[in-house]
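Shown next, in structure tokens, is the structure this report addresses.
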Number of protein chains: 2
Amino acid sequence: MSHANRLAAVRCAMAENSINAFIVPHDDEHLGEYIPPYAERLAWISGFTGSAGAAVVLTDKAAVFVDGRYTVQVRQQCDATLFGYHHLISEPYLDWLLTELNAGDKVGFDPHLHSQSWYQNAEEKLAAHHITLVPVSNNLIDEQWHDRPVPDCHAALLLSQDYSGQHSEAKRSRIAQDLAALQVDVQLLTQAEPINWLLNIRGRDISCLPVVLSFALLHQDGSVQLFADPAKFAGLDLQAHSGNNVSLLPVNELATALQALGKQGARVQLDPTTANAWSALVLSEAGAELVYDDDPCMLPKACKNPVEVNGSRTAHLRDGAAVSRFLAWLDRRINQANPELEHEGTLADKLEGFRAANSEFVEPSFSTISALGPNAAMCHYHHLNGTPRTLGQDAIYLVDSGGQYLDGTTDITRTVAVGEPDAEMQKLFTLVMRGHIDLADARFPAGTGGQQLDALARMPLWQQGYNFDHGTGHGVGHYLSVHEGPQRISPKGSIVPLTTGMIVSNEPGYYREDGFGIRCENLQVVQPADLGGDIPVFEFETLTFVPFDRRLIDNHWLEDKHIQWLNQYHAQVWENISPQLEGDDLAWLEQATRPI
Amino acid sequence: MSHANRLAAVRCAMAENSINAFIVPHDDEHLGEYIPPYAERLAWISGFTGSAGAAVVLTDKAAVFVDGRYTVQVRQQCDATLFGYHHLISEPYLDWLLTELNAGDKVGFDPHLHSQSWYQNAEEKLAAHHITLVPVSNNLIDEQWHDRPVPDCHAALLLSQDYSGQHSEAKRSRIAQDLAALQVDVQLLTQAEPINWLLNIRGRDISCLPVVLSFALLHQDGSVQLFADPAKFAGLDLQAHSGNNVSLLPVNELATALQALGKQGARVQLDPTTANAWSALVLSEAGAELVYDDDPCMLPKACKNPVEVNGSRTAHLRDGAAVSRFLAWLDRRINQANPELEHEGTLADKLEGFRAANSEFVEPSFSTISALGPNAAMCHYHHLNGTPRTLGQDAIYLVDSGGQYLDGTTDITRTVAVGEPDAEMQKLFTLVMRGHIDLADARFPAGTGGQQLDALARMPLWQQGYNFDHGTGHGVGHYLSVHEGPQRISPKGSIVPLTTGMIVSNEPGYYREDGFGIRCENLQVVQPADLGGDIPVFEFETLTFVPFDRRLIDNHWLEDKHIQWLNQYHAQVWENISPQLEGDDLAWLEQATRPI
């Protein structure tokens, strides 16, 4: 079916529903960062396959809304005779709807695919112009999408306490106490990561994110109703693993359970920014009292326990050896015949191969960014979206990748010389490295948020009139999502204090348009430091051990303390990684980690 | 009249008004930082003379609420048989009222003395417990306060454009354009500083703050109605100075003017956090449409124009010579006979004397903090609140002071050796100094708030397990308040970006309880820096020129760049201040500014 025919079919369904517009976001009912193939409704209707965006279908026109990363891709993938395109942030689709529609018009949306916060805000905004927002209970796309993939049925994994470090019952009883104190009867959980963390389960429902897609109701007594495909748990004793007070129900019984809570007049808490509007609608229509607050799993999930931290350390040693082998191979490959036979895609595959050689490796933690020369200046470049660039023509190469291991999640970026870097590239690499070191070296008292530390990583660039246009650090899960909150290190936003066990990335960068891109990324875990001053403080323990490229460093831009840090770090890399390497790889590591 | 009799009289008035409680805040109708003597109602009823707090009178008991700085003072000043005392922040008086009162009770307050935001919040909070908040139009204190001071009638000053740098009409037309764009008919201005800035007037109504206390209505056409005591403008041609569209009216005509706006159904904008509840009540009862937003004068007032910046530079050169003379004298005095004849009070007076020798000096910009030894560990210590400590027994002395000059406002803290500082004091002084330097040296792009830079000044202390419990920097006015917003440099709060012309203090410190106190404070102005990088950035230009005490510096705790900064700063101090000194003072400056 062509996109024109798909649009026509959806417009027929819109007419039957008496709506003048229909919104198709890039989201599934869990509103997480990644979605499974059966939820790729935006791609089905428009052809656009990016990881964020939305389409809006009117009776006589349609438009796709994407952010700055996808302005080129959307033109390549969408038929301009069918879809206009707009900037998701500077021209939000609700504003666009206001210019296109008239008072009295109706806008349809699938409440499963929008958060309760979005719904409340959008409804108010449209109502001010006498336009009605209409929940459409059966998604208009799904009705027309005849070859829609069925959800995969990957087996769930019951994650041993050797990895999780804490029994599900202990996690649940702690959160249940907080619910009782707030007089909340039930917590609705709609995102996969907190549920999988809470029950110590994992799955393979989404690429790169090892979760069982599910919903859950956590009751004030600590019991849980888990709504997931029971077939995924075939042959597994979930109750023996997670607790006798965990019951497994098919997802299609969630509505009944929510209605039952409503009839009891229960006080049900949900996070309106992550829970879909459908669940809030069902609950409130049935008579439940809704309480809006942050998901109470997020903070304990972010603060890794000692077992999780230890697992992450071990995973990083393994990962560090794999990435080091790749970099050693790359250095050799450049000097062999026909380096141009290698391109960004083969390099990414080679790196994944080194990781996959580990038996504990499960899958990549995100799609590898493998970018040569000017491609690295695009922060969200992906070599599969165009013709991959080949080795041999550029001075530097940026590779941002990570792995999912049963004992932890990794995320590392290295920028390395693959040609003849010039003084400007060395200067900017060194300034980025210096910012990385200043942040890695920070100590800070309780209550300090990442927002207060972000400038440390930028100051060396700021001093020379440069900056980078992304956050400095994100939270990282434990064999879970490579991006997690609530903590982050960025100029604005979250002021959640950094505290013991939180894993964050430290990844300042620099991007010269049409020129080159630089990013230096390690993961680090927050730990208490014992200094004997007046107050306890925290510091970062670095988890990642892979050499930074000495050939890109210009000592002129460093102070003694930065050089000391680098030499000490490289000594640790040698100590931690050399036992895993042999032969040429070991020789490479020795020269890559010698003092500067 | 004893405080017991005063309480009894107020309780009689409460009975007549059928109220069960009456709130007496430390505020006047302008809700600024400083209040004139006629507004010292809290001191009249309770005896407490601190700069912040509140009393609450019930029919059978009363309580005073003060913050951490005043827990000792309140016990000294208030009769414990009449008043309980509570912590203003951790035991807010509204919470206390909820525990003391019953449903159906009424709480009286004078709406002139509380902000509209306070009123809205307090009304809602009490109403939830069925307690009513009752505006009392004639203040119950004023009725009983028979010897209440009459407001002073100091002559106003028409500030020459040689000082202000911009005509009032230019200021007003720019803001009026913004009001028109927002479809606001009138802006109500209730704080003295923005009004005095807007009309280029100054006064002497409050000690240390050179303003005419007043209210104003700024209309969309740029015209202003100024409500102030006309006697202060006797013999002055306000219209010739500020513009023909400025009319001067007695303060008691404000109510009539607000009612007239209401009858016209005008859209009147006010800042609910600074405008008193009385004005909002009068306006809304008369039919005006209230628009709540920040006071539009605050940001342009904060961004000094080049004439104001130049004036501030000149004022600081003058002030730097006065403070240097004081420090030179102090060094000599310590080595003369009977240093113990000098105490914190005589030192503060001596310093003011050096400033007052300048013909351009108007008055101190705040009450000098002159603190020896352990007294300096109390951030808000004042020598008049106890027995001043004498010279000769302590190792270090902290003096925080400033001056009001027609061309600018100064604020400087120096911590100097007056005995034998030990290695611990030197270490902590050097860490504080290092934080000061790291902040002074910062560069940052447009959009950066002080919150992002605050950690720079703390990191050297944090690294060793120390911190200080106050903000790092506040805005400073131009011959106006020494504390002004909206910008600040602190861990939390304002994220208003720092931009060209903003003057901020840089004042990290360290306080060892019962031991010593350290603070290093300069003022600095934000300026664009031309670096030739990718983006324009800002940097700080230091305004203050007085030596930091070399005897307190331990180079071990500094990097080369800090030593370079100090030596370069001291070279500038020598260059800027030496032409104003002679004899022993000049010799002192020479040794105080030589390289370390």
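The values are calculated or read from the model by the stated rules, or taken from the named source; none is laboratory data. This structure is a prediction, so every number in the text was calculated from the model and none was measured. Cβ coordinates were reconstructed from backbone atoms using ideal geometry, including for glycine residues, and neighbour counts include every protein chain displayed. Accessible surface is based on the protein model in full, side chains and every heavy atom, while ligands, DNA and RNA are left aside. Shrake-Rupley method; radii C 1.70, N 1.55, O 1.52, S 1.80 Å.
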Practice item. For residues that are outside any helix (DSSP H, G or I) and open to solvent by 20 Å² or more (accessible area, probe 1.4 Å), tally how many sit in segment B:369-378. Key: 2
Practice item. Name the one entry in B:GLN187, B:GLN220 that is touching a residue at least 40 places away in the same chain (Cβ under 8 Å) and either assigned by TED's automatic domain parsing to the domain that holds B:ASP28 or open to solvent by 10 Å² or more (accessible area, probe 1.4 Å) (or both). Key: B:GLN220
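Yes/no per residue for (1) open to solvent by 10 Å² or more (accessible area, probe 1.4 Å); (2) within 14 Å of chain A (Cβ to nearest Cβ):
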site: B:GLN451; (1), (2): yes, yes
site: B:MET459; (1), (2): yes, yes
site: B:GLY485; (1), (2): yes, no
site: B:LYS492; (1), (2): yes, yes
site: B:THR499; (1), (2): yes, no
site: B:GLU507; (1), (2): yes, no
site: B:GLY517; (1), (2): no, yes
site: B:CYS520; (1), (2): no, no
Check your understanding: If we scan segment A:327-343, do we find a residue that is within 26 Å of A:HIS470 (Cα to Cα), in contact (Cβ under 8 Å) with a residue 60 or more places away in the chain, assigned by TED's automatic domain parsing to the domain that holds A:ASP422 and touching a Lys or Arg at 6+ places or on another chain (Cβ under 7 Å)?
Key -> yes
Point to revise | Residue tally, condition without any contact (Cβ under 8 Å) to a residue 40 or more places away in the chain and under 30 Å from A:VAL525 (Cα atoms), over segment A:416-426 | key: 0
Practice item. State which residue pairs qualify: first residue modelled with pLDDT under 95 and inside segment B:350-372, second residue open to solvent by 40 Å² or more (accessible area, probe 1.4 Å) in any location, beta carbons under 6 Å apart, and separation of 6 or more residues or different chains. Key: B:GLU360/B:LEU406
Practice item. Could you name every one of the helices (runs of 4 or more DSSP H) located completely within segment A:120-201 that has at least 2 residues being in contact with a Cys (Cβ under 7 Å, 6 or more places away or on another chain)? Key: A:192-199
Exercise for review: Kindly list the number of the only condition in (1) on the phi > 0 side of the Ramachandran plot; (2) open to solvent by 10 Å² or more (accessible area, probe 1.4 Å) that fails for B:ALA181.
Suggested key: (1)
Exercise for review: Tell me which of these A:ASP534 doesn't satisfy, since it passes every other one: (1) in contact with a helix residue (DSSP H, G or I) (Cβ under 7 Å, 6 or more places away or on another chain); (2) farther than 25 Å from A:ASN196 by Cβ; (3) not β-branched (Val, Ile, Thr).
Suggested key: (1)
Point to revise | Filter result (open to solvent by less than 40 Å² (accessible area, probe 1.4 Å), part of a strand (DSSP E or B) and either among the small types (Gly, Ala, Ser) or within 14 Å of chain A (Cβ to nearest Cβ) (or both)) within segment B:528-545 | key: B:ALA529, B:VAL537, B:PHE538, B:PHE540
Revision key, fill the gap. Subset of segment A:138-152, residues surrounded by 13 or more Cβ atoms within 10 Å (Cβ to Cβ) and either in contact with a strand residue (DSSP E or B) (Cβ under 7 Å, 6 or more places away or on another chain) or under 19 Å from A:LEU213 (Cβ atoms) (or both), comes to A:ASN139, A:LEU140, A:ILE141, A:ASP142, A:TRP145, A:ARG148, A:PRO151, A:ASP152
Practice item. Check segment B:175-196 and report whether any residue there is in contact with a Phe, Trp or Tyr (Cβ under 7 Å, 6 or more places away or on another chain) and more than 22 Å from B:ASP229 (Cα to Cα). Key: no
Revision key, fill the gap. A careful count of residues in segment B:223-264 that are open to solvent by 50 Å² or more (accessible area, probe 1.4 Å), small (Gly, Ala, Ser) and in a helix (DSSP H, G or I) gives 2
Check your understanding: Out of segment B:354-366, which residues are open to solvent by 20 Å² or more (accessible area, probe 1.4 Å), of a type outside the set (Phe, Trp, Tyr) and closer than 17 Å to B:ARG414 by Cβ?
Key -> B:PRO364
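Among the listed residues B:THR387, B:THR430, B:THR413, identify the single one that is β-branched (Val, Ile, Thr), assigned by TED's automatic domain parsing to the domain that holds B:ALA328 and without any contact (Cβ under 8 Å) to a residue 24 or more places away in the chain.
So the residue among B:THR387, B:THR430, B:THR413 that is β-branched (Val, Ile, Thr), assigned by TED's automatic domain parsing to the domain that holds B:ALA328 and without any contact (Cβ under 8 Å) to a residue 24 or more places away in the chain is B:THR387.
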Check your understanding: Quick check: anything in segment B:323-334 modelled with pLDDT under 95 and open to solvent by 10 Å² or more (accessible area, probe 1.4 Å)?
Key -> no
Check your understanding: Could we say that B:GLU123 is open to solvent by 50 Å² or more (accessible area, probe 1.4 Å) and touching a residue at least 60 places away in the same chain (Cβ under 8 Å) here?
Key -> no
Practice item. Go through segment A:9-34 and count every residue that is assigned to a helix (DSSP H, G or I) and open to solvent by less than 50 Å² (accessible area, probe 1.4 Å). Key: 4
Review point. Which condition does A:GLN568 not pass, out of (1) more than 14 Å from every other protein chain (Cβ to nearest Cβ); (2) open to solvent by less than 70 Å² (accessible area, probe 1.4 Å); (3) not basic (Lys, Arg), if it passes all the others?
Key: (2)
Practice item. Among residues belonging to segment B:415-449 that are open to solvent by 10 Å² or more (accessible area, probe 1.4 Å) and in contact with a Pro (Cβ under 6 Å, 6 or more places away or on another chain), point out the one that is nearest to the other protein chains (Cβ to nearest Cβ). Key: B:GLY447
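So that you can scan it fast, the table gives a plain yes or no per residue for (1) under 20 Å from the mean Cα position of the chain (by Cα); (2) over 14 Å from B:ASP110 (Cα atoms); (3) outside the structural domain of B:PRO111 (by TED's automatic domain parsing); (4) free of Cβ contacts under 8 Å to residues at least 60 places away in the same chain:
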residue: B:VAL10; (1), (2), (3), (4): no, no, no, no
residue: B:ASP28; (1), (2), (3), (4): yes, no, no, no
residue: B:GLY32; (1), (2), (3), (4): yes, yes, no, no
residue: B:ILE45; (1), (2), (3), (4): no, yes, no, no
Review point. Does segment B:287-299 include one or more residues that are under 14 Å from B:LEU198 (Cβ atoms) and part of a helix (DSSP H, G or I)?
Key: yes
**Study point:** Residues of segment B:552-565 classified as more than 12 Å from every other protein chain (Cβ to nearest Cβ), open to solvent by 30 Å² or more (accessible area, probe 1.4 Å) and closer than 19 Å to B:GLN464 by Cα, total
**Key:** 4
Review point. Among the residues of segment A:400-408, is there at least one that is in contact with a helix residue (DSSP H, G or I) (Cβ under 8 Å, 6 or more places away or on another chain), open to solvent by 40 Å² or more (accessible area, probe 1.4 Å) and within 17 Å of A:GLU521 (Cα to Cα)?
Key: no
